[in-house]
Amino acid sequence: MPRVMGIVNVTPDSFSDGGRWDTTERAVAHGLQLLGDGADVLDIGGESTRPGATRPLVAEELDRVVPVIRELVAAGASVSVDTMRSEVAEAALAAGARTVNDVSGGLADPRVLEVVADHGATYVAMHWRAHADRMRDFTDYSPDGVVATVRRELAERLDAALAAGIDLGRIVLDPGLGFAKTAEHNWQLLVFLDLLEPLGCPLLVGASRKSFLGSLLGVDGVPRPVDEREHAHAALVALLAARGVDCLRVHDVRATRDALAVAEAMSLRQPGRTSWVTTREDDA
Ligand code: PMM
């Protein structure tokens with residue numbers, strides 16, 4: 001079953017949960033709650049990547065994430081830092097984070113790759129084309145279409161990560177749902193996710209609360225509000241688990257765990273698996 005990465009956005013302005021966990025105390029409490037709900041990893045971020053968002057100063061981002069990372073590591077969590085900046089990656093790894101989740105795949109600040117390589121950390125490289133204030137201008141995937149183009153552009157980021165000295169076994173790739181993508185692009189990437197498998201890395205998917213779910217569930221062109229998309233997301237989680245996705249980046253860890261329990265119960269009973277054969281006790 002996929003690993004579950006619980007999201008802790010220490011930001012005032014994330015689209016999904018902006019402002020809810022924007023002090024160290026609140027963010028740590030939320031991280032502990034996600035751990036209790038069954039998160040395998042906590043992803044701590046201090047920059048909103050919501051379409052149209054402006055970037056915080058480096059010092060602001062550091063102030064947001066480093067104290068939270070330190071406390072959650074001390075509490076025994078496996079921590080990832082969601083950053084595109086080498087200074088923040090460096091400080092986060094020094095504070096005990098083990099993974100750098102770089103939504104730009106090394107494009108925003110190529111030095112992130114060297115920092116990750118130097119620390120022997122795990123690297124999540126997401127497909128990305130531009131910062132949040134401009135990404136809506138980069139949704140043209142012609143002539144090859146979104147799946148082939150994302151695959152090619154992710155392969156380039158993989159090559160850059162390997163060239164910087166990051167081990168292949170420590171690289172995770174992510175199609176970057178919602179980042180310079182329309183709703184239709186996101187669905188295409190989900191349907192044809194297997195086409196990214198030949199790149200040879202585990203795949204992470206972040207669909208939680210994203211606007212393509214809001215528009216799917218919307219009525220008369222009015223999207224379903226951000227905090228009412230969880231049932232649809234849970235359905236997607238179960239489908240992705242059945243497809244063998246390696247990691248899911250989610251806000252609601254409990255709902256995700258429930259969906260994974262269903263997926264696992266089904267998969268264990270596939271014909272050919274021994275647990276399909278019931279015992280006397282099972283029948284009782
Ligand atoms: N999405 C967001 C932020 N970070 N990281 C990865 N690897 N993949 C994603 O899809 C992703 C990400 C934006 O969502 P949020 O504002 O709810 O965190």
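The values are calculated or read from the model by the stated rules, or taken from the named source; none is laboratory data. Values in this document were obtained by computation on a predicted structure and should not be read as measured data. All Cβ positions, glycine included, derive from the backbone under ideal geometry; neighbour counts span all protein chains shown. The area values use the complete protein model at the heavy-atom level, side chains included, leaving out ligands, DNA and RNA. Shrake-Rupley method; radii C 1.70, N 1.55, O 1.52, S 1.80 Å.
Do the conditions hold for residue 184, that is, is it surrounded by fewer than 20 Cβ atoms within 10 Å (Cβ to Cβ), touching a residue at least 40 places away in the same chain (Cβ under 8 Å), in a helix (DSSP H, G or I) and of a type in the set (Asp, Glu)?
no
Quick one: how many residues across the stretch 1-57 are open to solvent by 10 Å² or more (accessible area, probe 1.4 Å), among the polar types (S, T, N, Q), in a loop (DSSP other than H, G, I, E, B) and within 20 Å of residue 103 (Cα to Cα)?
Summing the residues that are open to solvent by 10 Å² or more (accessible area, probe 1.4 Å), among the polar types (S, T, N, Q), in a loop (DSSP other than H, G, I, E, B) and within 20 Å of residue 103 (Cα to Cα) in the stretch 1-57 gives 4.
Quick check on the stretch 93-113. Is at least one of its residues over 19 Å from residue 7 (Cα atoms) and touching a Gly at 6+ places or on another chain (Cβ under 8 Å)?
yes
Determine whether the stretch 70-83 contains at least one residue that is out of contact with any Phe, Trp or Tyr (no Cβ under 8 Å at 6 or more places or on another chain), open to solvent by 50 Å² or more (accessible area, probe 1.4 Å) and either under 23 Å from residue 156 (Cβ atoms) or not in a helix (DSSP H, G or I) (or both).
There is at least one residue in the stretch 70-83 that is out of contact with any Phe, Trp or Tyr (no Cβ under 8 Å at 6 or more places or on another chain), open to solvent by 50 Å² or more (accessible area, probe 1.4 Å) and either under 23 Å from residue 156 (Cβ atoms) or not in a helix (DSSP H, G or I) (or both).
Provide a single number: the residues in the stretch 245-266 that are without any contact (Cβ under 8 Å) to a residue 40 or more places away in the chain and surrounded by fewer than 17 Cβ atoms within 10 Å (Cβ to Cβ).
Total meeting the criteria: 5.
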